[in-house]
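The values are calculated or read from the model by the stated rules, or taken from the named source; none is laboratory data. Fair warning: this is a prediction, and the values are worked out from it, not measured in the lab. Every residue, glycine as well, gets a Cβ built from its backbone with ideal geometry; the counts of neighbours run over all protein chains shown. The accessibility values were calculated without ligands, DNA or RNA, using every heavy atom of the protein model including side chains. Shrake-Rupley method; radii C 1.70, N 1.55, O 1.52, S 1.80 Å.
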Amino acid sequence: MPRRICQWLLYSLTLTPLLVWKGLYYEFTTTEAFFVMGVVEVMVLCFIWAAYKDPQVRPRLGLVGKAFLVFVAILVLASAFGVDPTLSFWSSFDRLTGVVFWFHLSALFVVGSGILRTSEDWRRLFFCSTFVGFFVSVFHLLSFAGFDGVWLVNRSATIGNSTFFAVYILFQLAFSLLILVRASGIWRAYAIFVAIVFAMAIYTSEAQAVILSSVGGLVLIVALMGVRRGKAARVVGISIIAVLVLAFFVGLLGLFQPSSAVRQWLIEHSSGSRFTLWEIAGKGIEDRPLLGWGSENFGSVFTQYYNPCFGSFACGAQNLFDRAHNKVLDVLVETGVVGLLGYLAIFVAAIWSLWRRNWEPRDALIPMVVTGALAAYVVQDLVALDVPLTLLFLVFLLLFTDQTGSTAVLAGKKRRFMPMAVPVCVTIFVLVVFFVNVIQPLRANLSVAQWFEADSDTERLAALDRATGLSKVGIEDRLAFMARQSAGKLWIESIKGEAMTDEAGEETVLLYDRLLAFEQTHSLSLSVQTQLGFVLHTSGKFFDEDAFQAAENVLQEAIDRYPNHPQPRWALASVYLEQGKMEQAIAITQAAFDLDPAVVESHIQRLIAVKFSQNQELFMRYVQEAMALSPESEAEIRLIYEADLARKRDQLLFELY
């Protein structure tokens, strides 16, 4: 019975893409990740009791599973010696792919290897997955007919991102083809039908890289089929494979040629930021080549080697990234050369396991389908990143490869009975993990919404305490976000003429204490450091003028640490203006402007600083420069031009920060 429950829990993981919890901070990724981790923890509990009752219920890892566990071990080692082990372990709320999640994927791999034993077990899993995938695809396709529901975001159904949606459907297409390999009758009709729906969903998505890679994967499957047939078909198949390999390397080389059509195509379908990100990643890899910076720490690399062109038309409007948007570079940054070798070893082991086995004629298509799917996944990941959902279904495909490719090796062995102390201890351990890793982070996450919706300042303060104190999972995100919102609320209330309450002061003090504690143990967090400066600035304005000096010190330290990033300079300019230090404010915004004059926001920030100096001649010259660079910013520039400092001083300061 525990084994059967364990199986159905595993099948329930296929529901993951349907789950959206609107009350959560990052409602898509967070919901999916915590559902996966919670279910896996209960699965482990059921599996250990099933293993206690039946000695034959044991993990049956093959070559792929062992390679997967080796990579996770490297990830743990790299994170332990990385720049921020806490972030590596718990991750951020918008990603949740840190060491803890990889532990859960490892547990899923181990448990799955012990409970998915037969082709019927796998057919159930693939059916559950494709059945859910069918509805997700239908939600996506309905958006073209004008259907608008709570799930639909950028035509990505319930997943919230078009690329993640397309990668998920790519796996469903592979699963439908695997069903088709052995199917007959109604199962065959079902597999063909859903495969067509999945193909339509992929090719109507906005994920151009996934569209191209999926076409390449399907062509590769056809070519491999030809290789296994007659002489003429073999020659054609080998020729097609050669063309695909050549096209891949030509495209790969083209990405690094500034004037190539491949590079221009990627810029048109994403932005120029991708290549600047890759340059930053390269510097991070040079700095720590062996074991990298640790899991989830690309953000530290980004701020350390920040390129001032971010925010300009050349590099895109965004100036904050936590991924290189290239899986190979992300793995190199996080785990170094050792980690990349471990990661690639997983796919080498998968292909080796598939093609070394002598398949029965009816199953001969299995290695071809899996090879095509893995190839498509790897190629699209060269310009993308992974999230919990895509990693979950990658593990399903790798687990299938491990089990089907290793059946002969994993023949049943005589097993010893397990002492009862083992499942009892594991039960206690899992319950503790479930509380610490699922319950407390969810409570902290939900407290963010409760903080927003609180009816009284007392309730708001209690929610803030829970949100920033219950869990370390995503703590940096919550602290920076809540600090910005809390301090901003005080400024808005001041602009409206509302009085400050004692509870507002207590909230500011609590945020300061939590931000300071985090900043002292996470020295490479620019977002927390700048928000700490904002909270101190706000405290100096409304509660204690001595906080201005502390704000200056914090922000100057951030400038010294990140000399190429304009954000702390803009923040420091706001503190200077608050104190009437006009010359320093203009000088610091000019220094930010000089980092890259093509950044539109630098023009805007400099305009506001000069506006306060009341140097009309200089202000008008800067207005003309800003308009020449970005005519689209005319409305914003006009607001600054027409602003009455006697009435809108605080509003301009708030906008400056």
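Phe131 passes all but one of (1) farther than 23 Å from Gly62 by Cα; (2) open to solvent by less than 50 Å² (accessible area, probe 1.4 Å); which number fails?
(2)
Do any residues in the stretch 415-444 that are farther than 28 Å from Asp54 by Cβ and open to solvent by 80 Å² or more (accessible area, probe 1.4 Å) have Cβ atoms under 8 Å from those of residues that are at pLDDT below 95 and not in a helix (DSSP H, G or I), where the two are at least six apart or on different chains, and which pairs are they?
Note: pairs meeting the criteria are Arg443/Leu470; Arg443/Ser471.
Take Ser486 and decide whether it is within 21 Å of Asp94 (Cα to Cα) and either more than 26 Å from the chain's Cα centre (by Cα) or among the hydroxyl-bearing types (Ser, Thr, Tyr) (or both).
On the way: within 21 Å of Asp94 (Cα to Cα): yes; either more than 26 Å from the chain's Cα centre (by Cα) or among the hydroxyl-bearing types (Ser, Thr, Tyr) (or both): yes.
Judged against the criteria, Ser486 is a match.
Across the stretch 461-474, what is the number of residues that are outside any loop (DSSP other than H, G, I, E, B) and either in contact with a Gly (Cβ under 9 Å, 6 or more places away or on another chain) or open to solvent by 40 Å² or more (accessible area, probe 1.4 Å) (or both)?
If we filter the stretch 461-474 for residues that are outside any loop (DSSP other than H, G, I, E, B), which is where we start, we get 461-469.
Those still in the list that are either in contact with a Gly (Cβ under 9 Å, 6 or more places away or on another chain) or open to solvent by 40 Å² or more (accessible area, probe 1.4 Å) (or both) too: 462, 465-466, 469.
Here the count works out to 4.
List pairs: first in the stretch 500-518 and in a loop (DSSP other than H, G, I, E, B), second surrounded by 14 or more Cβ atoms within 10 Å (Cβ to Cβ), Cβ under 6 Å, 6+ apart or cross-chain?
Matching pairs, first to second residue: Met500/Phe542; Thr501/Asp457.
Considering each of Ala591, Ala585 in turn, give the residue that is under 30 Å from Arg638 (Cα atoms), open to solvent by less than 20 Å² (accessible area, probe 1.4 Å) and touching a residue at least 12 places away in the same chain (Cβ under 8 Å). Write out each step before concluding.
Values: Ala591 fails: open to solvent by less than 20 Å² (accessible area, probe 1.4 Å).
Just one listed residue meets the conditions, Ala585.
Which one of these does Met200 not meet: (1) touching a residue at least 12 places away in the same chain (Cβ under 8 Å); (2) part of a loop (DSSP other than H, G, I, E, B); (3) open to solvent by 60 Å² or more (accessible area, probe 1.4 Å)?
Of everything listed in (1) touching a residue at least 12 places away in the same chain (Cβ under 8 Å); (2) part of a loop (DSSP other than H, G, I, E, B); (3) open to solvent by 60 Å² or more (accessible area, probe 1.4 Å), Met200 misses just condition (2).
Scan Phe93, Phe126, Phe89 and give me the residue that is touching a Phe, Trp or Tyr at 6+ places or on another chain (Cβ under 8 Å) and within 30 Å of Phe518 (Cβ to Cβ). Walk me through how you get there before you give the answer.
Values: Phe126 fails: within 30 Å of Phe518 (Cβ to Cβ); Phe89 fails: touching a Phe, Trp or Tyr at 6+ places or on another chain (Cβ under 8 Å).
Checking each option against the conditions leaves just Phe93.
In this structure, does Ala33 turn out to be part of a helix (DSSP H, G or I), of a type in the set (Gly, Ala, Ser), farther than 13 Å from Val111 by Cβ and open to solvent by 50 Å² or more (accessible area, probe 1.4 Å)? Full working, then the answer.
Values: part of a helix (DSSP H, G or I): yes; of a type in the set (Gly, Ala, Ser): yes; farther than 13 Å from Val111 by Cβ: yes; open to solvent by 50 Å² or more (accessible area, probe 1.4 Å): no.
No: the conditions fail for Ala33.
Given the options Leu75, Leu96, name the one that is modelled with pLDDT of 95 or more and open to solvent by less than 30 Å² (accessible area, probe 1.4 Å). Spell out the reasoning first.
Numbers: Leu96 fails: modelled with pLDDT of 95 or more.
Result of the check over Leu75, Leu96: Leu75.
Could you pull out the residue among Tyr377, Tyr343 that is open to solvent by 10 Å² or more (accessible area, probe 1.4 Å), of a type in the set (Ser, Thr, Tyr) and assigned to a helix (DSSP H, G or I)? Write out each step before concluding.
Values: Tyr377 fails: open to solvent by 10 Å² or more (accessible area, probe 1.4 Å).
Result of the check over Tyr377, Tyr343: Tyr343.
Any chance the stretch 47-69 includes a residue that's of a type in the set (Lys, Arg), under 20 Å from Leu105 (Cβ atoms), in contact with a helix residue (DSSP H, G or I) (Cβ under 8 Å, 6 or more places away or on another chain) and modelled with pLDDT under 95?
Yes: the stretch 47-69 contains one or more residues that are of a type in the set (Lys, Arg), under 20 Å from Leu105 (Cβ atoms), in contact with a helix residue (DSSP H, G or I) (Cβ under 8 Å, 6 or more places away or on another chain) and modelled with pLDDT under 95.
Only one of (1) under 25 Å from Val40 (Cα atoms); (2) open to solvent by 20 Å² or more (accessible area, probe 1.4 Å); (3) among the β-branched types (Val, Ile, Thr) is not met by Thr458, so which one is it?
(1)
Is there any pair with a first residue in the stretch 446-458 that is under 17 Å from Leu479 (Cα atoms) and a second that is in a helix (DSSP H, G or I) and among the aromatic types (Phe, Trp, Tyr) whose Cβ atoms are under 8 Å apart and which are 6 or more apart or on different chains, and what are they?
Close Cβ pairs (under 8 Å, with a partner that is in a helix (DSSP H, G or I) and among the aromatic types (Phe, Trp, Tyr)) amount to Val448/Phe481.
Under the condition of being under 24 Å from the mean Cα position of the chain (by Cα) and at pLDDT below 90, which residue from the stretch 122-148 is nearest to Tyr11 (Cα to Cα)?
Once the filter is applied, the top-ranked residue is Phe139.
Any idea how many residues of the stretch 556-592 are closer than 23 Å to Ser300 by Cα, assigned to a helix (DSSP H, G or I) and not aliphatic (A, V, I, L, M)?
Adding up the residues that qualify gives 8.
When the residues of the stretch 602-647 are filtered to those that are under 33 Å from the mean Cα position of the chain (by Cα) and open to solvent by 70 Å² or more (accessible area, probe 1.4 Å), which remaining residue is nearest to Cys309 (Cα to Cα)?
Glu632
Within the stretch 300-312, track down each residue that is open to solvent by 10 Å² or more (accessible area, probe 1.4 Å) and either without any contact (Cβ under 8 Å) to a residue 60 or more places away in the chain or not in a helix (DSSP H, G or I) (or both).
Tyr305, Asn307, Pro308, Cys309, Gly311, listed by residue number.
If only one of Trp293, Trp278 is surrounded by 15 or more Cβ atoms within 10 Å (Cβ to Cβ) and either more than 28 Å from the chain's Cα centre (by Cα) or outside any helix (DSSP H, G or I) (or both), which one is it?
Details: Trp278 fails: either more than 28 Å from the chain's Cα centre (by Cα) or outside any helix (DSSP H, G or I) (or both).
Just a single option satisfies the conditions, and that option is Trp293.
Suppose we filter Ile192, Ile179 for residues that are touching a helix residue (DSSP H, G or I) at 6+ places or on another chain (Cβ under 7 Å), surrounded by fewer than 18 Cβ atoms within 10 Å (Cβ to Cβ) and among the β-branched types (Val, Ile, Thr); which single one remains?
Result of the check over Ile192, Ile179: Ile192.
Step by step: first the residues of the stretch 559-580, then only those that are closer than 20 Å to Leu532 by Cβ and over 33 Å from the mean Cα position of the chain (by Cα), then the one that is surrounded by the fewest Cβ atoms within 10 Å (Cβ to Cβ). Which residue is that?
So, considering only residues that are closer than 20 Å to Leu532 by Cβ and over 33 Å from the mean Cα position of the chain (by Cα), the one surrounded by the fewest Cβ atoms within 10 Å (Cβ to Cβ) is Gln579.
Results for (1) assigned to a loop (DSSP other than H, G, I, E, B); (2) touching a residue at least 40 places away in the same chain (Cβ under 8 Å); (3) within 25 Å of the chain's Cα centre (by Cα), shown as yes or no for each residue.
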{"residue": "Gly339", "(1), (2), (3)": "no, yes, yes"}
{"residue": "Trp355", "(1), (2), (3)": "no, no, no"}
{"residue": "Trp359", "(1), (2), (3)": "yes, no, no"}
{"residue": "Ala373", "(1), (2), (3)": "no, yes, yes"}
{"residue": "Asp381", "(1), (2), (3)": "no, yes, yes"}
{"residue": "Leu385", "(1), (2), (3)": "yes, yes, yes"}
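Just to be sure I understand the filter: pairs with C-beta atoms under 8 Å, separated by 6 or more residues or on different chains, first member in the stretch 467-495 and basic (Lys, Arg), second member open to solvent by less than 10 Å² (accessible area, probe 1.4 Å) and outside any helix (DSSP H, G or I). Which pairs pass?
Pairs found: Arg478/Phe93.
Yes or no: the stretch 226-248 includes at least one residue that is open to solvent by less than 80 Å² (accessible area, probe 1.4 Å), of a type in the set (Val, Ile, Thr), more than 26 Å from Phe400 (Cα to Cα) and in a helix (DSSP H, G or I).
If we filter the stretch 226-248 for residues that are open to solvent by less than 80 Å² (accessible area, probe 1.4 Å), which is where we start, we get 226-227, 230, 232-233, 237, 239-242, 244-245, 247-248.
In the following step, the residues that additionally are of a type in the set (Val, Ile, Thr) were identified as 227, 240-241, 245.
Next, only the ones that are more than 26 Å from Phe400 (Cα to Cα) stay: 240.
So of that shortlist, the ones also in a helix (DSSP H, G or I) come out as 240.
Yes, there is a match, as at least one residue in the stretch 226-248 is open to solvent by less than 80 Å² (accessible area, probe 1.4 Å), of a type in the set (Val, Ile, Thr), more than 26 Å from Phe400 (Cα to Cα) and in a helix (DSSP H, G or I).
Collect the residues in the stretch 477-499 that are of a type in the set (D, E, K, R), open to solvent by 50 Å² or more (accessible area, probe 1.4 Å) and either at pLDDT 80 or above or assigned to a helix (DSSP H, G or I) (or both), keeping them in residue-number order. Let's see the steps before the verdict.
The initial filter retains those residues of the stretch 477-499 that are of a type in the set (D, E, K, R), namely 477-478, 484, 489, 493, 496, 498.
Okay, now just the ones that are also open to solvent by 50 Å² or more (accessible area, probe 1.4 Å), so 484, 489, 496, 498.
Arg484, Lys489, listed by residue number.
Filter the stretch 523-555 for residues that are polar (S, T, N, Q) and either part of a loop (DSSP other than H, G, I, E, B) or surrounded by 23 or more Cβ atoms within 10 Å (Cβ to Cβ) (or both) and give the result.
Ser523, Ser525, Gln529, Thr530, Gln531, Thr538, Ser539
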